[in-house]
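Quick notes on the structure that follows.
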Amino acid sequence: MQANRDLKAILGQELDTLKKASLADEAAEKLRELILLEKLPPGCPINERELSELLGISRTPVREAIRQLEATGLVVYSETRRPQVADPPMEQLANWLVIQGSLEALAGELACVHATDRELSKIAQLQEQMVELADAQDRLKLFSIDMRFHSSIVAASHNPELVEVHNVFNAKLWRARFVSSQRHVNKTVQLRKHQEIVDALLARDPRRTARALREHLGNAEHNIAAALALRGSKVMSAAVSG
């Protein structure tokens with residue numbers, strides 16, 4: 001019994017820390033879903049107290065969850081240090097996409113040289129999963145596979161520094177790329193672009209792979225611009241009718 005009491009005394013604080021971390025991760029995942037689905041729209045303020053009450057948890061894990069989403073570019077802080085859903089302008093998104101396109105093109109070139117056959121096979125399998133789920137209702141699951149597809153290509157470059165820089169810009173573009181992936185009018189085009197990337201990788205053709213990845217990110221820029229323009233027109237119409 002003494003040993004059990006000692007164990008509790010020793011591990012009590014660590015276990016409490018783990019519980020808080022788990023709650024923060026769960027809260028971050030829920031917030032991420034609400035932001036991506038625009039149930040929390042761009043520019044929407046995030047009130048820690050209200051959110052903790054809604055989730056039924058203390059403000060400490062909620063605060064940590066908000067910090068996690070700030071690190072991934074989904075949340076920013078106002079001048080008064082109040083958190084809100086990020087809403088970067090299209091010009092900034094376009095600049096980030098140019099950089100991201102170059103990073104992924106470079107990663108594709110390196111993957112053609114350094115990737116194992118198994119890594120390329122897994123990338124092809126992710127594309128097959130996206131084709132199978134193209135008409136599914138679970139938009140977040142499809143988007144998750146899409147992002148794994150791209151991150152797997154970057155990982156297959158076997159260049160840790162490139163992976164690190166790519167992660168930084170991917171975080172900034174997370175919601176924008178989700179918006180792009182939801183453009184049904186271009187879904188067939190997106191899947192075709194993905195297949196072109198896979199075919200080029202399997203052929204281990206660096207130039208063809210780089211071109212396909214750049215074109216794919218260029219298509220994403222078009223989708224994002226169209227989606228933001230549509231959102232702006234809806235806001236304007238609502239203001240006029242109101």
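Bear in mind that the values in this text are calculations on the coordinates, not laboratory data. Fair warning: this is a prediction, and the values are worked out from it, not measured in the lab. All Cβ positions, glycine included, derive from the backbone under ideal geometry; neighbour counts span all protein chains shown.
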Tell me, what is the FRET efficiency for residue 168 and residue 37 to the nearest 0.05, using R0 = 30 angstrom and their Cβ-Cβ distance as r?
-> 0.80
Residue-wise HN-Hα coupling along the stretch 194-204, computed from phi with Karplus coefficients 6.51, -1.76, 1.60 (Hz; x: Gly, Pro) = 4, 5, 5, 5, 4, 4, 5, 5, 5, 7, 6
Ranked highest first by average number of other Cβ atoms within 10 Å, how do 136-146, 29-39 line up?
-> 29-39, 136-146
Here, the stretch 90-241 modelled as identical Cα point scatterers in vacuum has Debye log10 I(q)/I(0) at q = 0.12, 0.16 Å⁻¹ of -0.49, -0.84
